[in-house]
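Asks: Below is the structure I would like to discuss, written out as structure tokens.
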Amino acid sequence: MGKITIAIDGYSSTGKSTIAKQLSKALGYVYVDTGAMYRAVTLYAIRNNLVGEDNLNVEAVIDELSRIHLKFVPNQLTGKSDMFLNDENVEQEIRTMQVSRQVSKIAAIKEVREKLVAIQQQMGIEKAIVMDGRDIGTVVFPDAELKIFMTASPRARAHRRYKELLDRGDKVTFEEVLNNVQERDHIDSTRKESPLRKAQGAVEIDNSDMGLEEQLERILNYARRLI
Ligand code: C5P
């Protein structure tokens, strides 16, 4: 069986990571959540007061990059990988609203992107990988054999994220989550560095009214034709 690269991009909370995880499991491929990497850098920046509600010290973030070490470590209990920041498991902390509010500002910094894209390209060197993010089909793997672009209405997406956060016990309002989803989409699609775009040749899937099974089946069909 051949090995391919599958790039999944799209707006916030379109269920990219859920689909990507299932896809990688079905194909026996490695899954990489690149959003977790941007979130981990953001957490580092928040802890060191380099970014906050009204501040962003771009130069200091760039200066600190060499002190930020990221790795994914498989978690036997969940069967997934946890994000480690300088040898600390930050998998839970990177998913909070506090990080969600700042992450798009950090992800717009060119030097941050260069560092993370280089790591991601290295991870995918042997193919047999499913990677999800905002620039995978456009920048990280422009030659990926299969590119998917996921969309859904902002309300459908905010509902998913809201439920996820409530399930974790976070105290958030639906409006807060909807605003955050829309604000991140705006920053991610209008930034100068690698804005979120549908890659050339990408298959677009609007899953506002589509169940997980149906999406998975469709993407698996595309993949199997290429493998
Ligand atoms: O995928 P997730 O919603 O966790 O990503 C968090 C943020 O990280 C996005 O809103 C975006 O600003 C940034 N990101 C990015 N490029 C990627 C993955 C994520 O800019 N490849």
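The values are calculated or read from the model by the stated rules, or taken from the named source; none is laboratory data. Just so we're clear, the structure is a prediction, and the values are computed from it rather than from any experiment. Virtual Cβ from ideal backbone geometry, glycine too; neighbours counted across all protein chains shown.
Asks: Can you say whether Glu145 is more than 13 Å from the ligand (Cβ to nearest atom), modelled with pLDDT of 95 or more and touching a Leu at 6+ places or on another chain (Cβ under 6 Å), as far as the supplied structure shows?
Replies: Numbers: more than 13 Å from the ligand (Cβ to nearest atom): yes; modelled with pLDDT of 95 or more: yes; touching a Leu at 6+ places or on another chain (Cβ under 6 Å): yes.
Against the criterion (more than 13 Å from the ligand (Cβ to nearest atom), modelled with pLDDT of 95 or more and touching a Leu at 6+ places or on another chain (Cβ under 6 Å)), Glu145 qualifies.
Asks: So which residues in the stretch 170-227 are on the phi > 0 side of the Ramachandran plot and either of a type outside the set (Ser, Thr, Tyr) or part of a helix (DSSP H, G or I) (or both), if there are any at all? Can you show your working first?
Replies: Taking the stretch 170-227 first, the residues on the phi > 0 side of the Ramachandran plot are 194, 201.
Hit for the stretch 170-227 is Gly201, nothing else.
Asks: Could you figure out which of (1) within 12 Å of the ligand (Cβ to nearest atom); (2) in contact with a helix residue (DSSP H, G or I) (Cβ under 9 Å, 6 or more places away or on another chain); (3) of a type in the set (S, T, N, Q) isn't true of Thr138?
Replies: (2)
Asks: Give, as residue ranges, the helices (runs of 4 or more DSSP H) completely inside the stretch 56-129 that count at least 2 residues that are within 26 Å of Glu145 (Cα to Cα).
Replies: Values: elements: 58-64, 97-107, 110-123.
Those helices (runs of 4 or more DSSP H) span 110-123.
Asks: Specify the residue that is surrounded by the fewest Cβ atoms within 10 Å (Cβ to Cβ); the eligible residues are those in the stretch 25-45 that are over 19 Å from the mean Cα position of the chain (by Cα) and either within 16 Å of the ligand (Cβ to nearest atom) or assigned to a helix (DSSP H, G or I) (or both).
Replies: Filtering the stretch 25-45 for residues over 19 Å from the mean Cα position of the chain (by Cα) gives 26-28.
With the extra rule that they be either within 16 Å of the ligand (Cβ to nearest atom) or assigned to a helix (DSSP H, G or I) (or both), the set shrinks to 26-27.
Details: Ala26: 15, Leu27: 20.
Looking at residues that are over 19 Å from the mean Cα position of the chain (by Cα) and either within 16 Å of the ligand (Cβ to nearest atom) or assigned to a helix (DSSP H, G or I) (or both), I get Ala26.
Asks: So, one more: Is it the case that some residue within the stretch 93-110 is within 12 Å of the ligand (Cβ to nearest atom), modelled with pLDDT of 95 or more and farther than 30 Å from Lys171 by Cα?
Replies: yes
Asks: While we're here: Across the stretch 9-19, which residue is nearest to Gly133 (Cα to Cα) among those that are in contact with a strand residue (DSSP E or B) (Cβ under 8 Å, 6 or more places away or on another chain) and within 10 Å of the ligand (Cβ to nearest atom)? Spell out how you get there, then give the answer.
Replies: To start, the set of residues in the stretch 9-19 that are in contact with a strand residue (DSSP E or B) (Cβ under 8 Å, 6 or more places away or on another chain) comprises 9-11, 14-17, 19.
Now narrow it down to the ones that are within 10 Å of the ligand (Cβ to nearest atom): 9-11, 14, 16-17.
Values: Asp9: 5, Gly10: 7, Tyr11: 9, Thr14: 11, Lys16: 8, Ser17: 9 Å.
Among them, the one singled out is Asp9.
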